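One structure is given below, encoded as structure tokens.
Taken together, the values in this text are just the output of simple stated rules run on the coordinates, not laboratory data. As the structure is a prediction and not an experimental result, all values here were calculated from the model. Because the Cβ atoms are built from the backbone with ideal geometry, glycine has one as well, and the counts that use them run over all protein chains shown.
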Amino acid sequence: MDVAVLGPLTVRYSGLSVVPTAAKPRRLLGLLAVRAGQPVPVETICAELWGGDRPRTAHLTLQGYVSSLRARVRAAAEQGSGGEEPVDPKEIIVGTSCGYVLRAGESSSDVREFDRLAEAGHEAQKSGNHRLAAQRFGRALALWRGPALADVRSGPELHREALRLEESRLSVLGCRVEADLNMGRHHALVGEIAALCAQYPLHEGLHRQHMITLCRVGRRLDALRAYNRLRAALKAAQGIEPSIELKRLHHQVLHSRIAPFAGAVEPMPALSATSGGGEATVA
């Protein structure tokens, strides 16, 4: 089974899609897929599907949705050519004492692969191998095909899951940029970081990287303007000031205390780090 939620929902068994078109069964499969391998309580599922407007027949209706998903798995197993072993659909979408779990087994999962590559990137970063860290973070980011569960109408639970995944993506993106900066790729990254700051005007980490990058390419005044834009955006949106770390960086920029990059500048790879180019395997 192939499970992908980092973009439009994709769940395939034996090479065939088992994603329904009907809204609520699709949402149910999305919730089971994003938590693949973890039991999802019936109460959580009902909150996702119906919110505060739960019908009296909710549990019975849910059982019907589960049966329809299992039927799709059975049909895919009978018709597909993906080399999957015959299986009872009840072993794929499993009823537990409190809910249901999608047992993906050793199947492909983009979330699991994203987490694996991100962890590998952090390990490389800790060891000081910035090039390898950038490659691994880039491969993790390349798994994203759009916003998480982009084609699933989300209720409260899926909305929280999508936010969690997006926060993870932004964290890894920041780490990948940091790895590139540690290799002196400031000139190559100026445009990318500027675009990211425009997309995420309240993200302090990206603005910190933007300010440092601008200083190191000789654009100190632009770095000060970037800080002022962030400060104005934070005040307008949240009524707060930038963090102490950002204020300290602003002071350093103001007094020209950001030193030029001292190491050797490594060229960008033929494929950008976010395109998935670079290393072939991860230990």
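Which distance in nm do the two modelled labels at Asp115 and Leu170 give, with both placed 7 Å along the Cα-to-Cβ direction?
Placing both labels 7 Å along Cα→Cβ, they lie 2.1 nm apart.
Please list the non-local residues whose amide H lies under 5 Å from the amide H of Tyr100, H modeled 1.01 Å from N, same-chain partners needing a gap of 5 or more.
Amide H to amide H, under 5 Å and 5 or more residues apart or across chains, Tyr100 pairs with Val40, Val42.
Using each residue's phi in the range 230-240, evaluate 6.51 cos²θ - 1.76 cosθ + 1.60 at θ = phi - 60° and report the 3J(HN,Hα) Karplus result to the nearest Hz, with x for Gly and Pro.
4, 4, 5, 5, 5, 5, 5, 8, 10, x, 10
Once fully extended, how much extra length lies between His187 and Ser17, figured as 0.36 nm per residue of separation less the alpha-carbon to alpha-carbon distance?
Numbers: separation 170, 0.36 × 170 = 61.20 nm, distance 4.37 nm.
Length difference between fully extended and current span is 56.8 nm.
Return the label of the correct value of Rg/Rh (Cα atoms, Kirkwood Rh), as calculated from the structure shown, out of (i) 1.07; (ii) 1.50; (iii) 0.98.
Checking each listed value against the structure points to (i).
Just for the chain, what percent of DSSP beta bridges are antiparallel, to the closest 5?
Working: 10 of 12 bridges.
Percent antiparallel among DSSP bridges in the chain is about 85.
Quick one: angle between helix 58-79 and the longest Cα principal axis of the chain, in degrees between 0 and 90, rounded to 10, please.
90
When a/c is below 1.5 the answer is rounded, else prolate if a/b is larger than b/c, else oblate, so apply that to the range 2-108 with a ≥ b ≥ c taken from the square roots of the Cα gyration tensor eigenvalues. If you can, show how the numbers build up before the last one.
Working: a/c = 1.79, a/b = 1.71, b/c = 1.04.
Prolate shape, in that a/c is at least 1.5 and a/b is the bigger ratio.
At 7 Å along the Cα-to-beta-carbon direction for both Gln38 and Ser256, put a label point, then send me their distance in nm to one decimal.
Output for this residue pair reads 5.2 nm.
Could you list Thr57, Thr213, Thr21 in order of exposure, starting from the residue whose Cβ has the fewest other Cβ atoms within 10 Å? It would help to have the intermediate numbers written out before the result.
Values: Thr57 10, Thr213 27, Thr21 6.
Least crowded to most crowded, the residues run Thr21, Thr57, Thr213.
As a footprinting exposure proxy, order Met183, Met211 by other Cβ within 10 Å, with the fewest listed first. Walk me through the numbers on the way to the answer.
Working: Met183 19, Met211 27.
Ordered by Cβ neighbours within 10 Å, fewest first: Met183, Met211.
Any aspartates and glutamates with Cα under 20 Å of the Lys24 Cα? List them, leaving off those in the same chain fewer than 8 positions away.
Glu43, Glu48, Asp53, Asp151, Glu157, Glu161
Starting from the Cα of Leu163, step 7 Å along the direction of its Cβ; do the same at Asp53; then give the gap between the two resulting points in nm.
It is 2.2 nm.
Between Leu143 and Ser108, 0.36 nm times their residue separation minus their Cα-Cα distance comes to what?
Numbers: separation 35, 0.36 × 35 = 12.60 nm, distance 1.19 nm.
Result for the pair: 11.4 nm of gain on full extension.
Compute, for the range 2-108, the length of the dipole vector about the Cα centre, with Cβ point charges of +1 (Lys, Arg) and -1 (Asp, Glu) only. Units Debye, rounded to 20.
On the way: 12 positive and 10 negative charges, 81 e Å.
Here the range 2-108 has a charge dipole of around 400 debye.
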